[in-house]
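Visitor: Before I ask anything, here is the structure I am working with.
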Amino acid sequence: MVLKGFDFFPHGTRYPFIKFRNVAMIGSGVLIVASLVLFFAAGLNFGIDFRGGTLVEIQSRSGPANISDLRSKIGGLGLGDVQIQEFGAPTDVLIRVERQPGGEKEQQQVVAKIRSALGDSVNYRRTEVVG
């Protein structure tokens with residue numbers, strides 16, 4: 001079925017987008033150079049998957065987890081860069097600790113320090129050491 005007198009694109013319509021090609025190429029070039037400068041100046045933010053470290057998943061036994069309390073307890077252990085975040089339920093917490101200098105023994109000591117700092121107030125659901 002064809003509608004008489006109806007065209008999706010009107011006849012004689014002209015869009016002069018080619019006229020702006022030089023401006024678009026200059027803009028693209030500036031953005032490419034800016035991204036390369038940022039890449040080499042700031043570098044990439046590699047997470048625990050690339051740098052290695054320890055990941056501990058815990059679950060609070062006494063209601064919602066107190067993230068600030070966990071940060072103060074684990075931050076005082078001198079383990080370097082520690083990331084603590086809540087995920088899923090309010091009782092679930094993920095603790096990431098950067099790779100410690102040394103071998104496997106030092107990585108296991110991180111887990112032992114975290115367990116001693118938190119004690120039996122939490123359930124330890126998962127522990128992973130990424131080398």
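Visitor: For region 90-108, give me the residue count where each residue is surrounded by 16 or more Cβ atoms within 10 Å (Cβ to Cβ), more than 17 Å from the chain's Cα centre (by Cα) and among the charged types (D, E, K, R).
Guide: 1
Visitor: Quick one: which helices (runs of 4 or more DSSP H) sit completely within region 1-107 and have at least 1 residues that are basic (K, R), on the phi > 0 side of the Ramachandran plot and modelled with pLDDT under 85?
Guide: It comes to none.
Visitor: For region 109-130: of the residues being under 24 Å from the mean Cα position of the chain (by Cα) and in a helix (DSSP H, G or I), which is surrounded by the fewest Cβ atoms within 10 Å (Cβ to Cβ)?
Guide: Going through the qualifying residues, I end up with V111.
Visitor: Is it the case that some residue within region 53-65 is among the β-branched types (V, I, T), touching a residue at least 60 places away in the same chain (Cβ under 8 Å) and either open to solvent by 80 Å² or more (accessible area, probe 1.4 Å) or under 17 Å from V130 (Cβ atoms) (or both)?
Guide: Yes - at least one qualifying residue is present in region 53-65.
Visitor: Related question: Looking at this structure, is R14 open to solvent by 40 Å² or more (accessible area, probe 1.4 Å) and touching a Gly at 6+ places or on another chain (Cβ under 8 Å)? Talk me through it step by step, then tell me what you get.
Guide: Working: open to solvent by 40 Å² or more (accessible area, probe 1.4 Å): yes; touching a Gly at 6+ places or on another chain (Cβ under 8 Å): no.
Here the answer is no, as R14 does not meet what is asked.
The values are calculated or read from the model by the stated rules, or taken from the named source; none is laboratory data. Predicted model, so just to flag it, every value in this text is computed and none were measured. All Cβ positions, even for glycine, are placed from backbone atoms using ideal geometry, and neighbour counts span all protein chains on display. Heavy atoms of the whole protein, side chains included, go into the accessibility calculation; ligands, DNA and RNA do not. Shrake-Rupley method; radii C 1.70, N 1.55, O 1.52, S 1.80 Å.
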